[in-house]
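Scroll down for the structure; my scribbles are underneath it.
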Amino acid sequence: MAVAGAQYAFQTGLATGMSATEGVHSPHPKPVDPALNQAAYILPEETPVEATSRVTLKGAKEDVQVPYMCIGAWSWGDKATFKYDREKDLPRLQAAWKKLQEAGLTFVDTAQEYGDGESEKICGSLFKGMPRDSFVIQTKWAAFPDLTNVLLQAQGPVKKLRQSLENLALDHVDVYLVHGPIHINYIETVAQGLAECVHLGLAKTVGVANYSKEEMVKMADALAQHNVPLAVNQCEYSILRRHPEIYGLIHECRQRGIVFQGYASLANGRLSGKYSRFNEPQRTYRFSSYPMHMLDPTLNVLKRIAEERQVPMAAVALNFNINKGVIPVVGVRSPEQTEQNIQALGWKLSQDEIRRIENVSLEGNTTVMWQHG
């Protein structure tokens, strides 16, 4: 099982410097230099982004087809950051899951640390009775240098994936990611472990999270030695953190056929319209955690476009990410959130609207401890 208290250790780490706006980092926003803007559309303009549209994740034996939106399950079971209350929250999650099934958006991202394994168990309960090909599950190897990873080296990812599969009540996952570049193992050693997960049939595809462009390329080359492709790189990406786009990480992914996923795609709710300078998010929401009054220019533009489009602000923010070639990982805790997020699909922002948003977007930063990409 997951290390007891891992969720609290993760939250403490974010507070002290793993998140680029916390601890040793400045909370003052840095606007994007217009000279660094990429094309208004990175995703080809003719590409459909309906709820039924699919993107291919490359596998060694079998590819995986996923929608243009991934459902983030960090909050499911997590008490350290999201104050999960099973009696109150589980029925809302179950209702949200029903709506996601109806929409065909059953691609879920979880991790071994989330809720000390509780998130994986909740996912398993939601999948119960569903045909195995009707959902896609992505979990992450807890890469912290604990006894399992230190002593077992390349066997660490395999050992911990087997524990995740017990939580999920499944015999394989569709996607298995390295949660972050904090492992003490060489990338070549980690690649050996990930490849074994694929060759044993425990994972269809593998990827990384929070890797820089250079680290990602090194992992892709190391996996290739085992005839396994690198399918995914997942980093924080939103209108408030465009760093992976403007410094070429997303472009490198596209050149290599690696799918880029963006977590904290609504900046922990700051881009959803839920919060304001008079209603700040709780302090544990640490990704892109700028004070809300500093975000007024950005939020005003999103609000105007949302009103013109007659969609929620969250849908505009997510649609921006998709247009930039990003599969957004967006947290869902209720049917209401599900409905507003679904409205990001089925249409596209114009190039003029994208430029308006870019003009009030933020660059974001990297960190030594966690956010390399």
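The values are calculated or read from the model by the stated rules, or taken from the named source; none is laboratory data. All of these numbers come straight from a predicted model, not from anything done at the bench. Every residue, glycine as well, gets a Cβ built from its backbone with ideal geometry; the counts of neighbours run over all protein chains shown.
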Considering residues that are touching a helix residue (DSSP H, G or I) at 6+ places or on another chain (Cβ under 9 Å) and outside any loop (DSSP other than H, G, I, E, B), the number found within region 49-71 is 1
For region 34-48, indicate whether the set of residues that are in a loop (DSSP other than H, G, I, E, B), surrounded by fewer than 17 Cβ atoms within 10 Å (Cβ to Cβ) and at pLDDT 90 or above is non-empty. no
Of (1) in a loop (DSSP other than H, G, I, E, B); (2) surrounded by 18 or more Cβ atoms within 10 Å (Cβ to Cβ); (3) not charged (D, E, K, R), Trp97 fails just (1)
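So which of Glu87, Glu50 ends up being under 29 Å from Ile258 (Cβ atoms) and not small (Gly, Ala, Ser)?
Numbers: Glu87 fails: under 29 Å from Ile258 (Cβ atoms).
Residue meeting the stated conditions: Glu50.
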Counted residues, region 101-134 - those being over 17 Å from the mean Cα position of the chain (by Cα) and on the phi < 0 side of the Ramachandran plot: 16
Given the residues Tyr68, Tyr114, which is the only one that is buried (at least 24 other Cβ atoms within 10 Å of the Cβ), among the hydroxyl-bearing types (Ser, Thr, Tyr) and in contact with a Pro (Cβ under 9 Å, 6 or more places away or on another chain)? Tyr68
State which residue pairs qualify: first residue surrounded by 15 or more Cβ atoms within 10 Å (Cβ to Cβ) and inside region 341-355, second residue among the charged types (D, E, K, R) in any location, beta carbons under 7 Å apart, and separation of 6 or more residues or different chains. Leu345/Glu50; Gly346/Glu50
Subset tally (residues that are surrounded by fewer than 16 Cβ atoms within 10 Å (Cβ to Cβ) and either at pLDDT below 95 or among the basic types (Lys, Arg) (or both)) for region 310-340: 0
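Condition check ((1) surrounded by 24 or more Cβ atoms within 10 Å (Cβ to Cβ); (2) in contact with a helix residue (DSSP H, G or I) (Cβ under 9 Å, 6 or more places away or on another chain); (3) within 19 Å of Gln7 (Cα to Cα)) across all residues:
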| site | (1), (2), (3) |
| --- | --- |
| Asp174 | yes, no, no |
| Asn185 | no, yes, no |
| Glu188 | no, yes, no |
| Val208 | yes, yes, no |
| Glu214 | no, no, no |
Could we say that Ala222 is more than 22 Å from the chain's Cα centre (by Cα), hydrophobic (A, V, I, L, M, F, W, C) and not in a loop (DSSP other than H, G, I, E, B) here? yes
